[in-house]
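Q: The following block contains the structure, expressed as structure tokens.
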Number of protein chains: 2
Amino acid sequence: MTPREAYDRLAGWAKELAYLHAATGLLYWDMRTQMPRKATPYRGEVVAFLAGELHRRRTRPEVGEWLEIASTGDFARDPLSPEAVNLRWWKLGFERSQKYPETWVKERARLATEAEKVWEVARREDDFDLFAPYLEQLVEMAREEAGFLGYDEDPYDALLDLYEPGMTTRRLREIFAPLAEELPRIIQSLPALTADLRPPYPVEAQREFILQVYAHWGFDPEEFRLDTTVHPFFTRITPGDLRITTRFSEQDFRQGVFGAFHEAGHAQYDRGLPAEHWGTPRGASISLGIHESQSRFWENLVGRNPAFWEFFYPLFQKIFPQHNDVPLEVFLHTVNEMRPSLIRVEADEVTYNLHIFLRFELEHALINQQISVRDLPGAWNERFRALLGIEVPSNREGVLQDVHWSHGSFGYFPTYALGNIYGAAFFARLREELQPEELFRRGEFLPVYEWLQENIYAWGKTFMPEELVQRVTGKPVSAEPLLQYVREKIAFLETLRT
Amino acid sequence: MTPREAYDRLAGWAKELAYLHAATGLLYWDMRTQMPRKATPYRGEVVAFLAGELHRRRTRPEVGEWLEIASTGDFARDPLSPEAVNLRWWKLGFERSQKYPETWVKERARLATEAEKVWEVARREDDFDLFAPYLEQLVEMAREEAGFLGYDEDPYDALLDLYEPGMTTRRLREIFAPLAEELPRIIQSLPALTADLRPPYPVEAQREFILQVYAHWGFDPEEFRLDTTVHPFFTRITPGDLRITTRFSEQDFRQGVFGAFHEAGHAQYDRGLPAEHWGTPRGASISLGIHESQSRFWENLVGRNPAFWEFFYPLFQKIFPQHNDVPLEVFLHTVNEMRPSLIRVEADEVTYNLHIFLRFELEHALINQQISVRDLPGAWNERFRALLGIEVPSNREGVLQDVHWSHGSFGYFPTYALGNIYGAAFFARLREELQPEELFRRGEFLPVYEWLQENIYAWGKTFMPEELVQRVTGKPVSAEPLLQYVREKIAFLETLRT
């Protein structure tokens, strides 16, 4: 077998994984947006079967051999060539999948499925003790997982690396430090803005507004859908098939509209990936942090930007005439309302990061056995008070609010704050090259998409996250641009106070 | 390996095929109701991959061995036992699947996906030449398929048997003969009823009426969906997941409502199949003809029945108050309008069969190379005039109107007329046991569903189609009950003339 032949086999193998992913992705999207409830147990069987097929193929023993042969090829000498990128990531993924004992994988899948169901009940009934034994097992299995994967300093690093390749606890603390220090001070003096809502906001009218924004953002109606669901998400089934979801409230348009902006940001990234490399690492997104930087970019840096609303507010008023007598200045309060609150997914763009720091601290302590599951609710409430200055009235609105831990996902939360940090760094750099606010005022968003596409989306997994940020911004990753943005935003909002 | 062990392996194998079928079914449903158009080529790849997987598994060499061992088991001695039924059909399917080359299967799947999209454009733009080269390839592949499958007299028989097991061209002509003879005479003296339509019929209101009818027919809102599409169809993804589609016209409620009744008839059959046998022949429908007998049953024998409307017309008038001053007798004209028309799916229950005879003749001639694709539009228009007495003004309303050939499905159309014939035979028998019209007048439809479930649906593939009809009605298949029904219906409609 020549190196090229081995490479072609790998490419074929990767394509089959992509097809199975596409089918699985559609089964999940459908389950969360369309499926009749009575299908639930049968759909579970179908999805479990495809998950098994994916696992079986990922770990095919021939893959190791192909990787060895292919990596001797001249075509992989340039580390930026698609072949080199693909071989690097295929090797990493294959070696990683070999580290997990098969019985352990099955047991974790079983535990996570059960734990999520128990978590749902525990949250609904505000009963942490019900969930605690499952969480204990999940933490224990995450520690085992870190052991399988290996690490230098900290077992948490092994987990973090699954979501944000190359990231470590040490580096994360370094990046987060200035924010963790300044934000609690900043939020004590947030401008006291009052939201001026004029419900009802009929769902169809909200959809109409969102679709008009999407059109300006460059989305072709023949390449996406917008549907409603309980927990909003975005998924790309294949190139040309972007599935955005949101949930609407007729009382408060911000939930549906900014949810739709956020998920559309994820969609922008996947839309900009090179379709000719679909199904290979060269055509895939690099990390959860970089992905989140794009959802945050389009949701906040674009979608909450005063210049954005200078252009779009007249359309908004046309669709929602109850806003005709609300001046733009007052409306900007409404879409930029900032105040410490209990629920992460409803938090504003400033306080949001504190919700993440809390989770990062606590899950890091759990994995390092510095805190026990039994002590978790108390620790949560105490740290929450210290960071955000408010009392947590129930575990339901506290430690039980998020689904992630019930899946056994530890190391995932920090990528949300990294997304804010990366996004602000990209935006600061963009401002040095274009004048985005000038463009937004004229309703021109395509130059910004093109800039992001060229600098970020088009590269797939070519560069590691920090390397990518360095390349795009010319500087190492730092929270400084985010802090700068926050200070500026708050100063601007202060000028709107009447 | 004991016979029981071999049987269990077969059951596991069949379950995996069922999972792949479910995923494929969803990919197709989604493609026709939800998918953004730009995804088309990629979706084609995913579907082709799964078709290849299905084929690869269907033809696994161990299956032949398992079948041999399992068939020696005592448990399969009773030919009506689930095990015997399953072994019979697995054997047939396995032997059949061995006959197809894998590359051919993939190529046909790819061609059909592409051809359907081209057909959509060709129909929209009334451009037969655009579709012709695809149709030529599809006919050629169908001839190859007949060759793979084998046949005694006629290559068309091999294709027919795929949809209606046991049926042949010879037997079909025998069954159709009395209808083909009498119908052209009957339609020359159809009662001149005038439809009294009062548009507009808003789509949402039509949906509301349909959903109320469905509730009376026993459908649970948590087990089905109703969506819109270009060419209505029904598919069951898994048990508890019935996907009905229709298309609406605000000008004429009959298109959406009777389309939805028709597809719901298909859904009744699948809903009534034994879920515990899902994924095995014992839990699957026996033939397209029997399936169509159920769609026709619920659309026409129930849904166009004067007794049905005695119950539902007040609700219809409430939802469409423009009908308040239209008496039931006049409304019964509207829902039973009979006159030769151009489009099969909009044809009345009497002339419908002539649309089928036309297609049967032409596709039989295509497969036997008695006519070329280039000559098809001319032949269509000529035979149409002869059978139905009207001129076809465009290919869009003629030879391009149906999707079937674009899928490469030849031998499928006759099952529609068989459905009418079987359905009328079942209804005639039902009348000897229950008084369906009495029930309908009171809004009671469940006893009829239960009768059909017990006598037809619950049996899965236990009996061959003609055997099943014989068992249920006590007589061999014959067009006589349908002719009788048609005569009776026309006589009744004559009494409504004022």
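The values are calculated or read from the model by the stated rules, or taken from the named source; none is laboratory data. Since this is a predicted model, take the numbers as computed values, not measurements. Every residue, glycine among them, receives a Cβ derived from its backbone with ideal geometry; neighbour counts consider all protein chains shown.
Q: Going through the range B:46-56 one residue at a time, which ones are within 11 Å of another protein chain (Cβ to nearest Cβ) and either surrounded by fewer than 18 Cβ atoms within 10 Å (Cβ to Cβ) or touching a Lys or Arg at 6+ places or on another chain (Cβ under 6 Å) (or both)?
A: Within the range B:46-56, B:48, B:52 qualify.
Q: Are there any pairs, at least 6 apart or on different chains, whose C-beta atoms fall under 6 Å, with the first in the range A:462-485 and in contact (Cβ under 8 Å) with a residue 60 or more places away in the chain and crowded, with 20+ Cβ neighbours inside 10 Å and the second of a type in the set (Ser, Thr, Tyr) and part of a loop (DSSP other than H, G, I, E, B), and if so, which?
A: Close Cβ pairs satisfying both conditions: A:465/A:287.
Q: List the residue pairs whose Cβ atoms are under 7 Å apart, where the first residue sits in the range B:365-391 and is closer than 22 Å to residue B:190 by Cβ, the second is of a type in the set (Asp, Glu) and surrounded by fewer than 13 Cβ atoms within 10 Å (Cβ to Cβ), and the two are 6 or more positions apart or on different chains.
A: Hits for this filter: B:385/B:391.
Q: Let me ask another. Conditions first: (1) away from every other protein chain (no Cβ under 12 Å); (2) surrounded by fewer than 20 Cβ atoms within 10 Å (Cβ to Cβ); (3) not basic (Lys, Arg). Residue B:21 passes all but one, so which condition is the exception?
A: (1)
Q: With the requirement that a residue be touching a helix residue (DSSP H, G or I) at 6+ places or on another chain (Cβ under 6 Å), under 12 Å from residue A:251 (Cα atoms) and part of a helix (DSSP H, G or I), what does the range A:191-210 give you?
A: Residue satisfying the conditions is A:206 alone.
Q: Select, from A:145, A:107, A:153, the only residue that is more than 30 Å from residue A:393 (Cα to Cα), modelled with pLDDT of 95 or more, more than 22 Å from the chain's Cα centre (by Cα) and not aromatic (Phe, Trp, Tyr).
A: A:145
Q: Restricting to the range A:297-348, name every residue that is under 30 Å from residue A:385 (Cβ atoms), assigned to a loop (DSSP other than H, G, I, E, B) and out of contact with any His (no Cβ under 7 Å at 6 or more places or on another chain).
A: A:304, A:336, A:337, A:338, A:339, A:340, A:341, A:342, A:343, A:348 - these are the residues of the range A:297-348 that are under 30 Å from residue A:385 (Cβ atoms), assigned to a loop (DSSP other than H, G, I, E, B) and out of contact with any His (no Cβ under 7 Å at 6 or more places or on another chain).
Q: Could I ask something else about it? Can you find even one residue in the range B:65-88 that is under 22 Å from residue B:275 (Cα atoms), modelled with pLDDT of 95 or more and in contact with a Leu (Cβ under 8 Å, 6 or more places away or on another chain)?
A: Taking every residue of the range B:65-88 in turn, at least one turns out to be under 22 Å from residue B:275 (Cα atoms), modelled with pLDDT of 95 or more and in contact with a Leu (Cβ under 8 Å, 6 or more places away or on another chain).
Q: Given the criteria facing chain A (nearest Cβ under 7 Å), crowded, with 21+ Cβ neighbours inside 10 Å, within 20 Å of residue A:53 (Cβ to Cβ) and among the hydrophobic types (A, V, I, L, M, F, W, C), does residue B:39 qualify?
A: Judged against the criteria, residue B:39 is not a match.
Q: So, residue B:223, is that one among the acidic types (Asp, Glu) and away from chain A (no Cβ under 13 Å) or not?
A: In short, no.
Q: Additional query: Does residue A:343 satisfy the condition of being of a type in the set (Val, Ile, Thr) and in contact (Cβ under 8 Å) with a residue 12 or more places away in the chain?
A: yes
Q: Another question, then. Within the range B:167-198, restricting attention to residues that are within 30 Å of residue B:320 (Cα to Cα) and among the hydrophobic types (A, V, I, L, M, F, W, C), which residue is surrounded by the most Cβ atoms within 10 Å (Cβ to Cβ)?
A: B:193
Q: For the list (1) within 14 Å of chain A (Cβ to nearest Cβ); (2) surrounded by fewer than 16 Cβ atoms within 10 Å (Cβ to Cβ), I need the number of the one condition that residue B:113 fails.
A: Against the list (1) within 14 Å of chain A (Cβ to nearest Cβ); (2) surrounded by fewer than 16 Cβ atoms within 10 Å (Cβ to Cβ), residue B:113 comes up short only on (2).
Q: Right, something else. Would you mind stating whether residue A:198 is more than 14 Å from chain B (Cβ to nearest Cβ) and either in contact with a Pro (Cβ under 6 Å, 6 or more places away or on another chain) or over 30 Å from residue A:309 (Cβ atoms) (or both)?
A: No: the conditions fail for residue A:198.
Q: Do we have residue B:29 as more than 12 Å from every other protein chain (Cβ to nearest Cβ), assigned to a helix (DSSP H, G or I) and buried (at least 18 other Cβ atoms within 10 Å of the Cβ) here?
A: No: the conditions fail for residue B:29.
Q: While we're on this one: Does the range B:339-349 contain at least one residue that is crowded, with 19+ Cβ neighbours inside 10 Å, modelled with pLDDT of 95 or more, touching a helix residue (DSSP H, G or I) at 6+ places or on another chain (Cβ under 8 Å) and at negative phi?
A: No.
Q: Conditions: (1) farther than 30 Å from residue A:15 by Cβ; (2) surrounded by 14 or more Cβ atoms within 10 Å (Cβ to Cβ); (3) among the hydrophobic types (A, V, I, L, M, F, W, C). Residue A:237 meets all but one. Number of the miss?
A: Status for residue A:237: all satisfied but (1).
Q: Considering only residues that are away from every other protein chain (no Cβ under 13 Å) and hydroxyl-bearing (Ser, Thr, Tyr), look in the range A:226-245 and name the one that is farthest from residue A:318 (Cα to Cα).
A: Selected residue: A:229.
Q: Shifting gears a bit: Which residues, counting only those in the range A:199-214, are surrounded by fewer than 15 Cβ atoms within 10 Å (Cβ to Cβ) and within 27 Å of residue A:340 (Cα to Cα)?
A: Selection gives A:199, A:200.
Q: On to the next question. Taking residue A:79 as the residue in question, decide whether it is over 26 Å from the mean Cα position of the chain (by Cα) and within 19 Å of residue A:60 (Cβ to Cβ).
A: no
Q: Exactly one condition in (1) over 18 Å from residue B:277 (Cβ atoms); (2) assigned to a helix (DSSP H, G or I) is not met by residue B:99; state its number.
A: The one condition residue B:99 does not meet is (2).
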